[in-house]
Amino acid sequence: MTDLPSIPELLDLEQVGPDLYQSRALYDAPWGMFGGQAAAQSLLAAGLTVERGRLPHSLHGYFVRRGDSAKPTQFR
């Protein structure tokens, strides 16, 4: 297993298209990707698509299966 990324590294998203972002921090972990990581990255990606100063008022998520932290996750 590789070293785990820090919180700022986890929140470093790359814009790969209009309103399309992808995680940069890839690591191999036997437990997969945590839901909180996906939620934080999703909230950040959403915030990058609106004008500055707009704040979220809620966040809801449902996770059907675990994510794979060794592959990039895309957020649309």
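Key figures for this structure:
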read-out	value
Nearest 10 degrees, 0 to 90: helix 35-47 Cα axis against the chain principal axis	30 degrees
Relative compactness, the range 8-76, computed as alpha-carbon Rg over 2.2 N^0.38 Å	1.12
Computed magnitude of the charge dipole of the chain (debye, nearest 20; Cβ of K, R +1, Cβ of D, E -1)	280 debye
Gain in span if fully extended, V50 to R65, counting 0.36 nm per residue against the direct Cα distance	2.5 nm
Loop-located chymotrypsin sites (Phe, Trp or Tyr not before Pro) in the range 7-65 whose Cβ has at most 14 other Cβ within 10 Å (DSSP)	Y27, W31, Y62, F63
Max mean-square fluctuation residue, GNM over the chain, Cα-Cα springs under 10 Å, options L20, L55, L11	L55
GNM top mover of R66, R54, R24 - the chain, alpha-carbon springs below 10 Å	R54
Sparse-neighbourhood loop sites, GluC sites (Glu not before Pro) in the range 1-74 - DSSP loop, at most 16 other Cβ within 10 angstrom	E51
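Any read-out appearing in this document is the output of simple, stated calculations on the displayed coordinates, not a laboratory observation. Given the structure is predicted, the values throughout are model-derived calculations rather than measurements. Every residue, glycine among them, receives a Cβ derived from its backbone with ideal geometry; neighbour counts consider all protein chains shown.
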